[in-house]
Amino acid sequence: MSSSTSPSQGSPAPRLSITSPADILAYVPHALGFVPRESLVVLTTAARRLGATLRVDLPDEQTDALSFARGVLGFVQGDTGADGTLVIVYTQRAWPRRAFPPFHDIVLRLDAVLTAAGMPVRAGWLASDSVWRDYFCADEQCCPWPGNPLDSVVHSVLNAELVFGGSSFERSAPEAALRGAPALSGTGTNLPETVRIMVEDARERYAASCRGQWQSPVQFEATSNVWDAVVDGPPLELETEAGLAGYLLASIESRTVRDFLLVSACLGSPAALAGCGAWALQGREDADEGLTGVVPVDTLRAVTGSGMPAAGASPLGPESGCGAAMVCADVLAGRYGGPIAWARVDAMSALLARLAEVSSGQARASALTMSAWFEYARGRGSRATVFLEAADAAVPGYRLARLLHELVRRGGLPAWARSRATAWTAGEGASGTTRD
């Protein structure tokens with residue numbers, strides 16, 4: 001069996017050779033970025049190639065097996081080319097000798113549902129912290145009890161190939177999220193306190209100068225232009241661009257700007273301005289008279305070539321309207337089924353991680369919740385939960401964090417993540433579409 005990693009644009013997809021169950025078990029943590037715990041992992045297959053990787057929490061004893069199985073099917077059926085599946089149960093529950101394996105009823109029901117959908121379970125395994133074994137084999141001649149040591153996974157050929165290629169993973173989802181965003185710990189990355197003070201001073205200054213104006217059409221597009229310049233430019237240098245960082249943090253304290261930026265990352269600013277710009281016009285028909293947008297002029301590179309609108313000019317073109325506004329609403333609600341600008345989403349996520357390092361209060365809660373939404377957009381609910389918990393610690397009860405947390409808890413997945421054609425794919429060394 002083989003699998004293709006997600007290559008850089010324009011390059012051929014490197015192949016990974018998978019020849020044994022140990023290779024499959026070695027592959028999963030690399031695909032997810034962390035070791036699953038009390039989880040069911042489903043991998044789709046097509047013509048002896050791996051496709052999407054799905055991780056869901058194992059159900060409790062009160063969960064209806066059929067409803068659970070149908071929910072899993074709803075996640076994996078977006079891989080329309082799949083002709084089979086593999087399942088792995090990660091659990092610390094005991095598997096007594098000559099007894100059914102843990103979650104036996106759940107897996108059998110899942111097999112029946114997937115078979116009816118044309119994706120039968122072709123093989124399965126159970127993995128604990130110490131051993132792994134074939135889930136469906138009761139013959140101790142070929143599948144000795146209590147199982148195979150995990151060393152056979154660590155020392156598999158595929159694991160060595162992935163590690164040699166630069167892939168790695170963490171012991172848990174929180175550790176994986178922390179690696180990508182050190183500010184989640186609340187301690188940041190050892191930036192000098194003077195930098196934090198300068199950023200906070202700038203945030204307060206811009207929050208005061210733009211108070212009541214963030215939704216002004218001129219200010220709205222001015223803010224969009226600044227974010228575009230930073231997202232599309234070199235990495236933000238907090239030590240030398242404290243004023244710019246403060247401006248960005250002040251802007252996302254506006255709920256309208258925050259929600260607009262989520263859509264802008266996914267669709268691009270022109271499309272987002274066409275639809276979401278209508279939000280900025282509500283009750284602001286004459287608010288722009290004589291105004292120019294406030295921008296961080298102390299950081300010139302942020303506005304170079306940004307095309308600032310003239311005083312009184314409307315940034316909203318003739319393409320604005322109800323249709324475009326509905327698209328924006330569908331993106332925020334996860335109902336949009338079209339393509340997502342994943343490179344832009346990744347760049348925005350990296351920027352928000354930097355901003356979270358030097359923020360506190362509502363600005364930090366907003367940055368972390370936006371990061372959580374992007375993890376939700378990628379189909380990575382486990383990591384989204386980690387960001388949401390950090391956002392709640394910054395501002396207990398932060399509204400968007402609370403709503404998104406409930407959506408993730410219920411197993412919600414955006415429409416674009418259900419299709420292999422539009423879903424986010426993992427980077428080099430962790431192949432395929434991943435959903436957790």
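Taken over the Cα atoms of region 162-266, the convex hull encloses 150 Å³ per residue. As a rough guide to protection, the peptides 230-239, 381-390, 156-165 ranked by mean Cβ packing within 10 Å, highest first, stand as 381-390, 156-165, 230-239. Each of ARG335, ARG378, ARG133 was scored by other Cβ atoms within 10 Å of its Cβ. Arranged with the fewest first, they read ARG335, ARG133, ARG378. The ASP60 and TRP145 beta-carbon pair, evaluated with R₀ = 25 Å, returns a calculated FRET efficiency of approximately 0.40. In a simple Cβ point-charge model (Lys, Arg +1; Asp, Glu -1; nothing else charged), region 125-181 has a dipole of about 200 debye relative to its Cα centre. Can you give me the Cα centroid spacing of region 203-261 and region 32-65 in angstrom? When both Cα centres are located, 39 Å separates them. Projecting the Cα atoms of ALA333, THR385, ALA365 onto the charge dipole of region 325-436, computed from C-beta unit charges around the Cα centre, puts ALA333 farthest toward the positive end.
Below 8 Å between Cα atoms, with a sequence gap of 6+, how large is the relative contact order for region 2-169 in percent? Relative contact order of region 2-169: 24 percent.
Remark: region 211-222, residue by residue, has Karplus-estimated 3J(HN,Hα) of 4, x, 10, 4, 8, 4, x, 5, 5, 4, 6, 4 Hz, where x stands for each Gly or Pro and the curve is 6.51 cos²θ - 1.76 cosθ + 1.60 at θ = phi - 60°. Normalised by the number of residues in region 129-264, the average gap of Cα pairs under 8 Å and 6 or more apart makes the relative contact order 20 percent.
Cβ-to-Cβ counts within 10 Å put TRP373, TRP424 in ascending order as TRP424, TRP373, the fewest first.
Per-residue extension of 0.36 nm, minus the Cα-Cα distance of ALA116 and ALA343, leaves a gain of 78.1 nm for this segment. Modelled label positions at ALA46 and SER130, each set 7 Å beyond Cα in the direction of Cβ, lie 4.1 nm from each other. Neighbour counting of Cβ atoms within 10 Å sorts the residues TRP145, TRP125, fewest neighbours leading, into TRP145, TRP125.
For region 2-169, the pair-distance distribution built from all alpha carbon pairs, in bins 10 Å wide starting at 0, is 10, 38, 37, 14, 2, 0 percent. Stretching the chain fully between THR194 and ALA415 yields a gain of 75.2 nm (0.36 nm per residue, less the alpha carbon separation). FRET efficiency for the pair GLU237 and GLU38, taken as 1/(1 + (r/R0)^6) with r the Cβ-Cβ distance and R0 = 30 Å, rounds to 0.15.
Applying 0.36 nm per residue to the separation of ARG171 and ALA94 and subtracting their alpha-carbon distance, the gain on full extension is 25.6 nm. In region 222-275, taking the dipole from charged Cβ atoms about the Cα centre, the farthest positive-side position among ALA272, GLY233, THR223 is held by ALA272. The charge dipole of region 2-169, taken about its Cα centre with unit charges on the Cβ of Lys, Arg, Asp and Glu (plus for the first two, minus for the last two), comes to roughly 260 debye.
We did not get these values from a lab; they are worked out from the coordinates using the rules stated. Here the structure is a predicted model, which is why all the values come from computation and not from measurement. Neighbour counts are summed over all protein chains in view; Cβ atoms, including those assigned to glycine, are modelled from backbone coordinates with ideal geometry.
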